[in-house]
1. Net charge around TYR33, counting only other residues with Cβ within less than 11 Å of its Cβ (Lys, Arg = +1; Asp, Glu = -1)?
2. In segment 49-83, whose amide N lies under 18 Å from the spot 7 Å out along Cα-to-Cβ of THR91? List them in ranges.
3. If the viscosity is 0.890 mPa s and the temperature 25 °C, what translational diffusion coefficient in µm²/s does Stokes-Einstein give for the chain when Rh comes from Kirkwood over Cα pairs?
4. Sequence neighbours fewer than 8 away in the same chain don't count; with that in mind, list the lysines whose C-alpha is under 28 Å from LYS104.
5. Based on a Kirkwood Rh over C-alpha pairs, give the Stokes-Einstein translational diffusion coefficient of segment 43-101 at 4 °C and viscosity 1.567 mPa s in µm²/s.
6. Quick one: grab the alpha carbon gyration tensor of segment 1-41, order the square roots of its eigenvalues as a ≥ b ≥ c, and give me rounded if a/c is under 1.5, else prolate or oblate depending on whether a/b is larger than b/c.
7. Using a Förster radius of 30 Å, what is the FRET efficiency between GLU103 and GLU64 based on their Cβ-Cβ separation? Nearest 0.05, please.
8. Considering Cα pairs under 8 angstrom that are at least six residues apart, work out the relative contact order of segment 1-41 and quote it in whole percent.
Amino acid sequence: MGSLSHTIENTYPDNFSTERMKMKRNGRLYIDYVQHGKDKTIIAPYSPRMTKEGTAAAPLFWEEIKEGLHPGQFTISNVIERTAQYGCPFTDYFSLKSTQEMEKMLHLVRK
């Protein structure tokens with residue numbers, strides 16, 4: 001996974017970064033390849049986090065991602081209500097899989 005992440009970063013250095021320190025990313029999108037490897041465990045969607053606020057891992061729709069978004073907005077108290085109101089971003093996961101355009105990514109991998 002690391003080599004793919006570094007390939008993307010090197011091909012599009014203005015857009016992507018594998019730098020873990022947020023202040024060093026300069027507005028680039030972080031590719032967290034460290035947490036997506038063999039034997040790694042990452043929190044599942046809708047799981048509670050160990051915080052005093054009772055936050056939860058809330059999947060988001062793309063249009064929700066904007067300035068000012070904060071993890072504290074999503075808690076075990078509101079995540080179920082939120083899902084009932086807006087639905088789940090993963091609902092169409094498998095059907096959308098077939099519509100993803102992967103040509104650019106595959107080109108990078110096959111270089």
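1. Result for the neighbourhood of TYR33: 0.
2. Counting only backbone N, you get 58-65, 79-83.
3. On the way: Rh = 16.6 Å.
Result for D is 148 µm²/s.
4. The qualifying lysines are LYS22, LYS24, LYS38, LYS40, LYS66.
5. Once the numbers are plugged in, D ends up at 102 µm²/s.
6. Details: a/c = 3.42, a/b = 1.47, b/c = 2.33.
It is oblate, given that a/c is not under 1.5 and a/b is not larger than b/c.
7. FRET efficiency, GLU103 to GLU64: 0.65.
8. Details: 36 pairs, mean separation 15.2, N = 41.
Relative contact order, segment 1-41: 37 percent.
All of the numbers you see were taken from the coordinates with simple rules; none came from a lab. Quantities reported herein were computed from a predicted structural model and do not represent experimental measurements. Glycine also receives a Cβ, built like all others from the backbone with ideal geometry; neighbour counts cover every protein chain displayed.
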